[in-house]
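A.B. asks: Below is the structure I would like to discuss, written out as structure tokens.
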Amino acid sequence: MDWKDRSQITDDVVYFRYVPEGTAKNVEEVFVWDLDKTYLDTSIDSLSGLFNAAVERAFAKKNVPGTNTLLQVLSKAWVSQHGQSRFPIFFITASPPQMEERILEKFTLDGLKPLGCFYKDNLRNLRPKRWWRLTKQVGFKLQALLQLRTHLREDVRQILWGDDSESDATIYNLYSDICARRIGAQDLRTVLKSFAVTGEQVDRILMLQSQIPQSDPVEKIYINLAVDTDPDYYLKFGRRTLPTYQTFQVALDLYQDTRISLEDLYTIAQDMIYNYGYTPEELIRSLDELIRRHVLSEKTVNLLMPFFIEKGLMPSGFEPSVAPPKEVRVENGRVYELEGQYEPWVPDRIDYIHDYR
């Protein structure tokens, strides 16, 4: 069956739904992952990269180190905690829909069953007057996220994963602001125009906004530093947006938020050491880096240290380079505030147009 017969096409957003209509309406928490450089170690931001990804067989596609194991343990923990039969995850990718069968085969090989995937009909941009649209993802991803929002329950919470190669932090925070109506229509048009979003796309985004509830569904945003952006740049987005150097740092934060267990965290560490060449010293340095950024609390570190020492990942005399702060606000196991003066969890206003990288 042709991909067009298996999908819902709106402009250049192509949605493949893998569960019956309405299934996602029953889920209170949904996970959304960007695919390229966030889950799969691929690059589609050039013609050659797009071609290579298109012809690559499913078994040859490589994961970002640790991501498959992370999703396996997170999925198992979530299903157990919520008493559900299926982990609610969606993927968004700027890959063309012609690649959907191979990517779905890769998910099957990895033991994943997403509820749906969004693709960008990018091959129609392979014309001289449209080449510039190949690498412009803000309009596409915002439209995909808002289309997804129309399929979810009113009080849904979303945890979003992206990377620093395609403005994902900007996209996810803009999506949050659009849902919450923190930015007016005229200001939104100005911001989107600055990101080369076409007038047609802007109209579609505003139309979708009118169809969704006025509430902010975004719980957390993780950004994989695939091109090594300075994490301090992301402070302007607030503490809800967490840039990470590798999957182990994501797992540490997920553990702090009671989404995975210590044993799950150790499983991810083992995967990164034995399958991707990381050393225990590298992982412990990444833990210490999160402590220096005041991401991990004193309580979390005090639980981690004896466990890692017991497992042989951490030397018995280890001391963090700075003292981790105490927890101030914790809700339903999620840590929102630590002692000290920090950026807000979600800023009232984000300067999207001026980029201070």
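A.B. asks: Of the conditions (1) out of contact with any Cys (no Cβ under 8 Å at 6 or more places or on another chain); (2) within 23 Å of VAL13 (Cβ to Cβ); (3) touching a residue at least 60 places away in the same chain (Cβ under 8 Å), SER215 satisfies every one except a single condition; which number is it?
C.D. replies: Of everything listed in (1) out of contact with any Cys (no Cβ under 8 Å at 6 or more places or on another chain); (2) within 23 Å of VAL13 (Cβ to Cβ); (3) touching a residue at least 60 places away in the same chain (Cβ under 8 Å), SER215 misses just condition (1).
A.B. asks: In this structure, does PHE237 turn out to be surrounded by fewer than 17 Cβ atoms within 10 Å (Cβ to Cβ) and at pLDDT 95 or above?
C.D. replies: It is false that PHE237 is surrounded by fewer than 17 Cβ atoms within 10 Å (Cβ to Cβ) and at pLDDT 95 or above.
A.B. asks: From the set of residues in segment 174-195 that are charged (D, E, K, R) and part of a loop (DSSP other than H, G, I, E, B), which is surrounded by the fewest Cβ atoms within 10 Å (Cβ to Cβ)?
C.D. replies: ARG181
A.B. asks: Keeping to segment 266-285, report how many residues are buried (at least 22 other Cβ atoms within 10 Å of the Cβ) and either of a type outside the set (A, V, I, L, M, F, W, C) or within 20 Å of ASN332 (Cβ to Cβ) (or both).
C.D. replies: Within segment 266-285, residues that are buried (at least 22 other Cβ atoms within 10 Å of the Cβ) and either of a type outside the set (A, V, I, L, M, F, W, C) or within 20 Å of ASN332 (Cβ to Cβ) (or both) number 1.
A.B. asks: If we scan segment 127-137, do we find a residue that is at pLDDT 95 or above and among the hydrophobic types (A, V, I, L, M, F, W, C)?
C.D. replies: No: zero hits.
A.B. asks: Checking the structure you have, find out if any residue of segment 317-324 is more than 21 Å from ASN224 (Cα to Cα), without any contact (Cβ under 8 Å) to a residue 12 or more places away in the chain and of a type in the set (Val, Ile, Thr).
C.D. replies: No, segment 317-324 contains no residue that is more than 21 Å from ASN224 (Cα to Cα), without any contact (Cβ under 8 Å) to a residue 12 or more places away in the chain and of a type in the set (Val, Ile, Thr).
A.B. asks: Sticking with this structure for a sec: Could you say whether any residue in segment 204-224 is assigned to a helix (DSSP H, G or I) and under 18 Å from the mean Cα position of the chain (by Cα)?
C.D. replies: Checked segment 204-224: no residue is assigned to a helix (DSSP H, G or I) and under 18 Å from the mean Cα position of the chain (by Cα).
A.B. asks: Go through PHE107, PHE87 for me and flag whichever is modelled with pLDDT of 95 or more and not charged (D, E, K, R).
C.D. replies: The match here is PHE87.
A.B. asks: Considering only residues that are in a helix (DSSP H, G or I) and aliphatic (A, V, I, L, M), which ones fall in segment 142-173?
C.D. replies: If the condition is that a residue be in a helix (DSSP H, G or I) and aliphatic (A, V, I, L, M), then LEU142, ALA144, LEU145, LEU146, LEU148, ALA169, ILE171 are the ones that fit.
A.B. asks: Just one of SER194, SER167 is at pLDDT below 95, out of contact with any helix residue (DSSP H, G or I) (no Cβ under 9 Å at 6 or more places or on another chain), under 15 Å from ILE353 (Cβ atoms) and in the same structural domain as THR42 (by TED's automatic domain parsing); which is it?
C.D. replies: SER194
A.B. asks: Considering only residues that are farther than 19 Å from PRO88 by Cα, among the acidic types (Asp, Glu) and in a loop (DSSP other than H, G, I, E, B), which ones fall in segment 1-43?
C.D. replies: ASP2, ASP11, ASP12, ASP41
The values are calculated or read from the model by the stated rules, or taken from the named source; none is laboratory data. The structure presented is a predicted model; accordingly, all values stated were derived computationally and were not measured. Backbone-built Cβ (ideal geometry, glycine too); neighbour counts: all protein chains shown.
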